[in-house]
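Undergrad: Have a look at the structure that comes next, please.
Coordinate-derived values only; no laboratory data. All of these numbers come straight from a predicted model, not from anything done at the bench. Every residue, glycine as well, gets a Cβ built from its backbone with ideal geometry; the counts of neighbours run over all protein chains shown.
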């Protein structure tokens, strides 16, 4: 069942509706609010809507960096796994295990 939750992001109150755990939603909104505050400190006099968009772009950038890191790690692990399997198969062939 969908529930409503009152949150505050960068001084503005919002009513969110969904099935997520309220503590999780609070952590998300706190994160967004913190990111907006960081940007606002660097960009005096910017409108709230522009600040929100720039915050979304910055958070998206962080997400894409993490996805790229995860993909690189997955590729590295896949390569190492293939190497290990190949080495095991080579060892079995040397022992005439398959003959």
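Undergrad: Over segment 1-80, what is the relative contact order in whole percent, taking alpha-carbon pairs under 8 Å and six or more residues apart? The partial results should precede the final answer.
TA: Working: 48 pairs, mean separation 15.7, N = 80.
Dividing the mean separation by the residue count of segment 1-80 yields 20 percent.
Undergrad: I've got another one for you. Which angle between 0 and 90 degrees, to the nearest 10, do you get for helix 22-42 versus the longest principal axis of the chain when only C-alpha atoms count?
TA: Relative to the chain, helix 22-42 is tipped by roughly 70 degrees.
Undergrad: Here is a follow-up. What does a probe at residue 2 reach in segment 20-35, counting residues whose amide N is under 13 Å from the point 7 Å along Cα→Cβ?
TA: Within reach of a label on residue 2, which here means backbone N under 13 Å from a point 7 Å along Cα→Cβ, segment 20-35 contributes 20.
Undergrad: Next question. I'd like the orientation of helix 48-94 relative to the chain: the angle between its Cα long axis and the longest Cα principal axis, in ° from 0 to 90, rounded to 10.
TA: For 48-94 against the chain, the angle is about 10 degrees.
Undergrad: Kindly give Rg over Rh for segment 3-94, based on alpha-carbon atoms, with the Kirkwood expression for the hydrodynamic radius.
TA: 1.32
Undergrad: Rounded to the nearest 500, what is the chain's calculated 222 nm mean residue ellipticity when only DSSP H runs of at least 4 contribute -39500 (n - 2.57) each, over all residues? Write down the numbers at each step before the final one.
TA: Working: 2 runs with 68 residues, N = 99.
That comes out to -25000 deg cm²/dmol.
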